[in-house]
Structures are given as C-alpha cells and as structure tokens.
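Just below is one structure, and these are the notes that go with it.
The values are calculated or read from the model by the stated rules, or taken from the named source; none is laboratory data. Being a predicted model, the structure only gives us computed values, none of them experimental. Cβ sites come from the backbone with ideal geometry, for glycine too, and all protein chains shown count toward neighbours. The protein model used for the area step is the full one, side chains on, heavy atoms only, and it has no ligands, DNA or RNA in it. Shrake-Rupley method; radii C 1.70, N 1.55, O 1.52, S 1.80 Å.
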Amino acid sequence: MKIKEVVNALEQFAPLPLQEDYDNAGLQVGLTDAEVSGALLCLDVTEETVDEAVSRGCNLIVAHHPLIFHKLARITDENYVERTVMKALEQHVTIVAMHTNMDAARGGVNFMMAEKLHLVDVDFFGHRQEVEGVEGGEGVIGRLQEPMAADDFIIALKETFGVEAVQANQLLRRPIERVALCGGAGSFLLNEAIRQRADAFITGEMHYHEFFGHEQQIQIAVLGHYQSEQFTPEIFRRIIQSKYPGVRAVLSDINTNPIIYF
C-alpha cells in the first residue's frame, strides 16, 4: 500500500477544499509514492514526534495541525518547525495535515466531540457547504440524552476530556439539554449557538471579553484548544482501518500540548 493511497482515503473523507482560506492542510513534507510502513497519528508534529514515528516503524505522520502553517523562506535549525522538517526529510518520513477540512467534515472533529459526550440528534450549525459530495459545517449541535444541572455538566466535561479546569461563565440556573460545540478556536460561533437556542456552548478557546453579557443566557464552557481536539487521531485511525485494514495505524503517545497547568 502506498502512502498516497492512505492520504487519498483521508482526503475523500475530508476534502481539502473544505479547509479555511488561511489554512495549509494536506501534504506538508516528503513523498507519497513510497510503500507505507505504518502511520503515526497525532495532533501536532514536533521533532519528538518524528523520532517516535521512526522508533515505531512508521514512515507516515498524519497530524491535525499543520507543521508548516506559514511559508518558509529557508530550512535551518533556527526553530522547531525548520528542525522538524529537516529531521523528517533525513528520516524519509512523510507528514500530512488534516486541519480545518477535518474540523468541517461530517464525522470529523466536532462530531467526535459530540460522540464522546453521547449527544443525540447531532447536526451542523453555522455556515454549511458541500464539497465533492461531502457535507461540511462550522460547528455541531445536539442534545444530551438526559438534561443535566450546570455543575454536573461541567464535571462531566472535565471527566470526559480529562481537563484540569473548565473556563465557564456564571452557572446556568436551568437544566442543560441542547448543546452546541466547536473544537479549537470556536468562539466566533457563540452568538449563533445562542440563536439556535443552545443551553450550552463548548469550545477550546475564548477571549476574556467574550464571556461578558451572557449570564443565564447560555452556559459557556472552554476546555482548552488541545483538550477539545485530543480525540482527532482516533478519527484518522477509523478512516484508515476502514479503508485499508492492513495498514498499521498507531496513536502517538506524546502529549504535545505546549500549555502546562500548575
């Protein structure tokens, strides 16, 4: 099985035209004509990630976040991006990113978050599009199987996503049932979640001033960017194993979250 066949399977699930204009998803480093020895699946790519791929016999890394996000004028040892590119080339490791196209695709990042929360009747909200027969949307909205008090809801989020703390506004004094969410930096969807009459909105990042003015209107819950997207490699594994069960697809053991909580 060639690397390009694995990449094609991922791009059929989440076509690259679904990505945002600012994004740089797709092939990042290396060649795709080689036989795939294994795929290491992760959120971010660092030098340590390339070392892990080599040690586990994988010549393909599938990441959520692009290693190369801004154009590179040169390849030196000046920063971790350039050093990682050099190491990947030296070790003949191909790097592919599935970023905002995987955020948008049906069954992608937001649907995985909803699945982990056991939401039902899940569908897109916000802007929708269809590319190459694949539906895409900005966020998803669904229902809890049973309404929950706000404090129980926050505790459930902490347990499900394994977070040290959840940033929240004033606890809602009504049961939470209708939940909207957007992984990563999704605060731009807060007002749309309110228009959709969601009881709660979950995302990975939100600015300080965006918390104001929504007391008893909607329960805001911010998990952290990494934490909200941490299950994305599981999606990659499902896609690869479904299409090519003979390809070894392994989840990275490295936590690449650069933010430490004390």
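Against the list (1) under 15 Å from G126 (Cα atoms); (2) of a type in the set (A, V, I, L, M); (3) surrounded by fewer than 20 Cβ atoms within 10 Å (Cβ to Cβ), the condition I259 fails is (1). For the range 199-251, the set of residues classified as of a type in the set (F, W, Y) and closer than 20 Å to N110 by Cα consists of F201, Y226, F231, F236, listed by residue number.
Residues in the range 6-31 that are assigned to a loop (DSSP other than H, G, I, E, B) and over 21 Å from R238 (Cβ atoms) were compared, and the one that is farthest from the chain's Cα centre (by Cα) is L31. The condition of being basic (K, R), farther than 30 Å from A53 by Cα and open to solvent by 20 Å² or more (accessible area, probe 1.4 Å) does not hold for R106. Within the range 49-75, the residues that satisfy the criterion of being open to solvent by 40 Å² or more (accessible area, probe 1.4 Å), more than 24 Å from T100 (Cα to Cα) and of a type outside the set (A, V, I, L, M) are D51, S55, R56, R74.
Contact map, the range 163-178: first residue under 17 Å from I141 (Cβ atoms) and in contact (Cβ under 8 Å) with a residue 40 or more places away in the chain, second residue open to solvent by less than 40 Å² (accessible area, probe 1.4 Å) and of a type in the set (F, W, Y), Cβ cut-off under 6 Å, separation 6 or more or different chains; pairs are I176/F153. Within the range 142-178, the set of residues being touching a Lys or Arg at 6+ places or on another chain (Cβ under 7 Å), buried (at least 18 other Cβ atoms within 10 Å of the Cβ) and not basic (K, R) comprises just one member, V166. Sub-7 Å Cβ pairs linking a first residue in the range 124-139 that is within 14 Å of L189 (Cβ to Cβ) to a second residue that is part of a loop (DSSP other than H, G, I, E, B), at least 6 apart or interchain, are F125/Q196; G139/G186, ordered by first then second residue. Number of residues in the range 18-36 that are surrounded by 14 or more Cβ atoms within 10 Å (Cβ to Cβ) and among the acidic types (D, E): the value is 1.
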